[in-house]
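Engineer: So that we are looking at the same thing, I have put the structure below in structure tokens.
The values are calculated or read from the model by the stated rules, or taken from the named source; none is laboratory data. Predicted model only: the values in this text are computed from it and were never measured. For neighbour counting, all protein chains shown are included, and Cβ atoms are generated from backbone atoms with ideal geometry for every residue, glycine included. Side chains included, ligands, DNA and RNA excluded: accessible areas come from the protein's heavy atoms. Shrake-Rupley method; radii C 1.70, N 1.55, O 1.52, S 1.80 Å.
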Amino acid sequence: NCALDLRIESHIVMPQDTIIITLPDGTQRTFPAGTTSLAIAQTLRPQLASQVLVALVNEVPWDVTRPLYTDAMLQLCTWEDEAGKQTFWHSSAHLMAEALEALYTNVQLGIGPPIAQGFYYDVDFGDQAFDASHLPAIEAKMRDLAHQHNPYERVPISKQAALAHFRAKNSTYKLELLEGLQDGHITLYRQGQFTDLCKGPHIPHTGLIKAIKLLNIAGAYWRGNVKQKQLTRIYGITFPQEKALRTYLTWAAEAQKRSHQHIGKTLQLFTFSEKVGLGLPLWLPKGAILRDQLMQFLQRAQWRAGYQPIITPHIGHQDLYITSGHQAKYGEDAFQPIHTPHEREKFVLKPMNCPHHCEIYKQGAKSYRDLPIRLAEFGTVYRYEQHGELHGLMRTRCFTQDDAHIFCRPDQVKAELAGVIDLVLSTFHALDFTDYKVQLSFHDPKQPDKYIGNPADWQQAEQAMEQIVVEKNLPATRTLGEAAFYGPKIDFMVQDALGRSWQLGTVQLDYQLPERFALTYVGADNQKHRPVMIHRAPLGSLERFIAILLEHTSGHLPLWLAPHQVAILPISEKHATYADQVATRLIEQEIRVSIDHSDEKIGKKVRTVALSKVPYVAIIGAKEQEAQQVAVRKHGVGDIGSMSLDAFVQMLKTEITAGQMGFSPEAFQTQNIS
């Protein structure tokens with residue numbers, strides 16, 4: 001390393017001799033100025049000091065070895081806290097970078113952030129060969145370096161000195177990152193023989209990293225720009241104990257088996273074609289049925305809740321999105337405008353449905369008696385996601401939202417929010433997502449440029465949301481900075497069968513778009529007033545929701561959603577006619593069936609259907625034909641006996657209706673009786 005121009009924090013003139021630290025429970029303790037969070041942890045509980053990974057100082061992540069010179073609110077975070085995990089994995093990325101520099105000459109490092117599960121580092125190996133077979137050697141080097149217990153040292157540095165340091169190392173990518181940084185706010189972090197450009201924070205030392213696994217590699221364009229060089233992205237994960245790594249690897253293997261892309265291919269639900277375009281899913285017949293059943297389910301629920309269906313085009317004039325503000329905020333993520341022969345006429349593929357819905361509201365004068373107006377659409381929207389960000393149905397370039405917008409009076413806001421929350425929760429219940437949390441996503445007053453509208457409207461909207469969540473007794477957390485640019489949100493975070501958290505349903509309160517589109521209604525005072533707009537989507541993107549549903553259920557869809565609900569298997573040709581009669585009867589009852597008239601033996605037919613995860617199998621042989629019955633097998637259960645066709649139909653209809661309402665068949669029958 002070259003000589004560094006350091007601004008050592010110990011040289012700071014302390015404005016006070018002692019500082020007051022406020023802990024999460026509200027208690028306050030006095031410490032000498034210059035005390036570290038680690039020293040404070042030691043005074044609170046010695047065991048905590050050995051576990052603390054990072055501190056939140058006035059809610060800002062902070063190295064536990066960094067001195068504190070002013071009064072502050074302090075939270076000490078361990079592995080059990082999300083901030084602790086993220087810091088642990090960020091530090092692990094630096095450890096991997098140190099191993100790479102030790103093993104490869106002239107390696108160029110890009111960026112190495114933590115992610116939801118683990119970390120990655122983007123690396124330019126130049127002309128050196130590199131593939132996944134090299135990962136074990138890097139793992140081994142990381143373990144050796146971790147055993148050295150090297151501290152992570154924060155090094156504040158001038159921009160000039162930082163540039164000199166990375167020029168000496170010929171670090172092209174770090175020099176580019178430095179160009180965008182402001183002098184006086186630059187830090188390096190150093191552990192052992194390795195130094196990196198980083199704002200931190202980091203864990204106290206490398207010895208805390210006990211278990212290491214490098215997972216895979218992928219290509220990634222520098223800074224996500226396809227015009228830049230493609231680097232090698234190395235993914236890894238680490239833990240403070242080996243047992244935790246073993247548990248994770250077991251979980252990851254199960255997650256791989258549940259991959260929606262694998263299930264979608266096996267069940268023949270959807271596919272992709274490079275000729276059609278990356279990120280543009282093609283729905284196969286079975287997938288189209290699944291998607292249609294979800295839409296019908298929501299359409300019925302929305303009709304009961306007073307929503308009116310609408311349909312809007314897939315494109316809109318660019319001026320529409322300039323008015324709404326979407327062009328300024330999201331223009332870079334949209335497809336390029338479509339130019340027509342007419343001068344100044346530009347259209348864009350619809351990135352949002354809400355501006356179209358505002359224009360529908362404007363058709364005809366509205367009275368206060370007309371409100372609320374609830375407009376619902378399964379609207380397909382388009383976003384230009386980068387190649388490297390596309391992932392099956394989870395991240396696509398076109399997706400369909402179960403979108404609706406409610407236009408209401410200010411005095412109706414709470415009641416409408418309550419109705420939307422009820423709809424979201426009943427939808428989750430019917431789809432067996434019972435483990436959820438609520439996140440109040442509010443604006444960050446410190447970043448006013450991220451939002452539109454006046455502070456009074458924001459305060460009113462956020463108060464209304466907070467009140468309704470309390471009244472509904474929902475488990476909620478409050479997060480600043482996660483609001484939409486036009487208003488606060490209630491986001492529903494759902495846990496799946498593997499314990500992963502997903503943001504599904506969302507409710508957004510908006511005072512801004514009605515203003516921008518000059519929406520009005522005539523009040524009881526005969527004056528014009530602005531309506532309030534509520535955006536809501538119980539499932540969000542149908543594509544993403546189906547991906548989550550497939551992984552949650554491992555493809556074992558409930559009867560009411562299954563593309564084929566019954567597979568009819570005649571044992572031989574002699575039973576084909578009766579099998580067709582059974583199929584006709586079930587189809588008349590709107591039960592979705594498939595029938596296998598192949599010459600395969602019945603055992604193979606049953607195994608084939610089991611792989612397709614069809615909920616019920618009706619086997620038809622001589623005995624069933626003579627008695628006018630069916631022999632029934634249930635997926636995951638086995639044989640449940642022979643029964644008359646009437647009894648079979650009734651059983652299926654009961655289970656389908658119960659499932660759509662979120663009940664088991666037994667509970668549904670009890671409900672009917674009571």
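Engineer: Considering only strands (runs of 3 or more DSSP E) fully contained in region 177-285, which possess at least 3 residues that are of a type in the set (S, T, N, Q) and in contact with a strand residue (DSSP E or B) (Cβ under 7 Å, 6 or more places away or on another chain)?
Structural biologist: In region 177-285, 230-239 are the strands (runs of 3 or more DSSP E) which contain 3 or more residues that are of a type in the set (S, T, N, Q) and in contact with a strand residue (DSSP E or B) (Cβ under 7 Å, 6 or more places away or on another chain).
Engineer: OK, next. Applying the selection to region 443-472, what residues are in a helix (DSSP H, G or I) and in contact with a His (Cβ under 8 Å, 6 or more places away or on another chain)?
Structural biologist: Lys450, Trp458, Glu462, listed by residue number.
Engineer: Would you please list the contacts, defined by Cβ atoms under 9 Å and residues six or more apart or on different chains, that run from a residue in region 644-655 that is in contact (Cβ under 8 Å) with a residue 24 or more places away in the chain to a residue that is among the aromatic types (Phe, Trp, Tyr) and open to solvent by 60 Å² or more (accessible area, probe 1.4 Å)?
Structural biologist: Filtered contacts from region 644-655: no entries.
Engineer: With (1) open to solvent by 20 Å² or more (accessible area, probe 1.4 Å); (2) outside any strand (DSSP E or B) as the list, and Pro514 as the residue in question, which single condition is left unmet?
Structural biologist: (1)
Engineer: Given the conditions (1) touching a residue at least 12 places away in the same chain (Cβ under 8 Å); (2) farther than 14 Å from Ile568 by Cβ; (3) touching a Ser or Thr at 6+ places or on another chain (Cβ under 8 Å), report the number of the one that Ala658 does not fulfil.
Structural biologist: Ala658 satisfies all of (1) touching a residue at least 12 places away in the same chain (Cβ under 8 Å); (2) farther than 14 Å from Ile568 by Cβ; (3) touching a Ser or Thr at 6+ places or on another chain (Cβ under 8 Å) except (1).
Engineer: On the given criteria, is Gln508 at pLDDT 85 or above, touching a Gly at 6+ places or on another chain (Cβ under 6 Å) and assigned to a strand (DSSP E or B)?
Structural biologist: Here the answer is yes, as Gln508 does meet what is asked.
Engineer: Might you check whether a residue that is open to solvent by less than 10 Å² (accessible area, probe 1.4 Å) and closer than 27 Å to Asp432 by Cβ occurs anywhere in region 570-580?
Structural biologist: Checking region 570-580: not a single residue is open to solvent by less than 10 Å² (accessible area, probe 1.4 Å) and closer than 27 Å to Asp432 by Cβ.
Engineer: If you check Lys265, Lys257, which single one turns out to be farther than 30 Å from Tyr511 by Cβ, open to solvent by 80 Å² or more (accessible area, probe 1.4 Å) and at pLDDT 90 or above?
Structural biologist: Of the residues listed, the single one that is farther than 30 Å from Tyr511 by Cβ, open to solvent by 80 Å² or more (accessible area, probe 1.4 Å) and at pLDDT 90 or above is Lys265.
Engineer: A further question on this structure: Kindly provide the set of residues from region 522-557 that are outside any helix (DSSP H, G or I) and within 23 Å of the chain's Cα centre (by Cα), ordered by number.
Structural biologist: Ile534, His535, Arg536, Ala537, Pro538, Leu539, Gly540, Ser541, Ser554, Gly555, His556, Leu557
Engineer: Given the options Val54, Val123, name the one that is open to solvent by less than 70 Å² (accessible area, probe 1.4 Å), β-branched (Val, Ile, Thr), within 30 Å of Lys229 (Cα to Cα) and in contact with a Gly (Cβ under 9 Å, 6 or more places away or on another chain).
Structural biologist: Of the residues listed, the single one that is open to solvent by less than 70 Å² (accessible area, probe 1.4 Å), β-branched (Val, Ile, Thr), within 30 Å of Lys229 (Cα to Cα) and in contact with a Gly (Cβ under 9 Å, 6 or more places away or on another chain) is Val123.
Engineer: Can I ask one more? Which residue out of Ile212, Ile311 is at pLDDT 95 or above, open to solvent by less than 20 Å² (accessible area, probe 1.4 Å) and more than 25 Å from the chain's Cα centre (by Cα)?
Structural biologist: On inspection, the qualifying residue turns out to be Ile212.
Engineer: Residues of region 21-34 being assigned to a strand (DSSP E or B) and under 39 Å from the mean Cα position of the chain (by Cα), which ones?
Structural biologist: Ile21, Thr22, Gln28
Engineer: Within region 212-242, can you find the residues that are of a type in the set (Lys, Arg) and over 18 Å from Ala140 (Cα atoms)?
Structural biologist: Arg223, Lys227, Lys229, Arg233, listed by residue number.
Engineer: Taking region 88-107, which residues are touching a Leu at 6+ places or on another chain (Cβ under 8 Å) and open to solvent by 10 Å² or more (accessible area, probe 1.4 Å)?
Structural biologist: Within region 88-107, Glu98, Glu101, Ala102, Val107 qualify.
Engineer: I need the full set of residues from region 142-162 which are part of a helix (DSSP H, G or I) and open to solvent by 60 Å² or more (accessible area, probe 1.4 Å), in order please.
Structural biologist: Arg143, Asp144, Gln160, listed by residue number.
Engineer: On the basis of being open to solvent by 40 Å² or more (accessible area, probe 1.4 Å), among the polar types (S, T, N, Q), within 25 Å of Ala484 (Cα to Cα) and in contact (Cβ under 8 Å) with a residue 24 or more places away in the chain, does Thr323 make the cut?
Structural biologist: Answer is yes for this residue.
Engineer: It is to be established whether one or more residues within region 110-130 are in contact with a helix residue (DSSP H, G or I) (Cβ under 7 Å, 6 or more places away or on another chain), at pLDDT 95 or above and farther than 19 Å from Gly219 by Cα.
Structural biologist: No, every residue in region 110-130 fails to be in contact with a helix residue (DSSP H, G or I) (Cβ under 7 Å, 6 or more places away or on another chain), at pLDDT 95 or above and farther than 19 Å from Gly219 by Cα.
Engineer: Looking only at residues that are open to solvent by less than 60 Å² (accessible area, probe 1.4 Å) and touching a residue at least 60 places away in the same chain (Cβ under 8 Å) in region 599-629, which one is nearest to Leu559 (Cα to Cα)?
Structural biologist: Lys613
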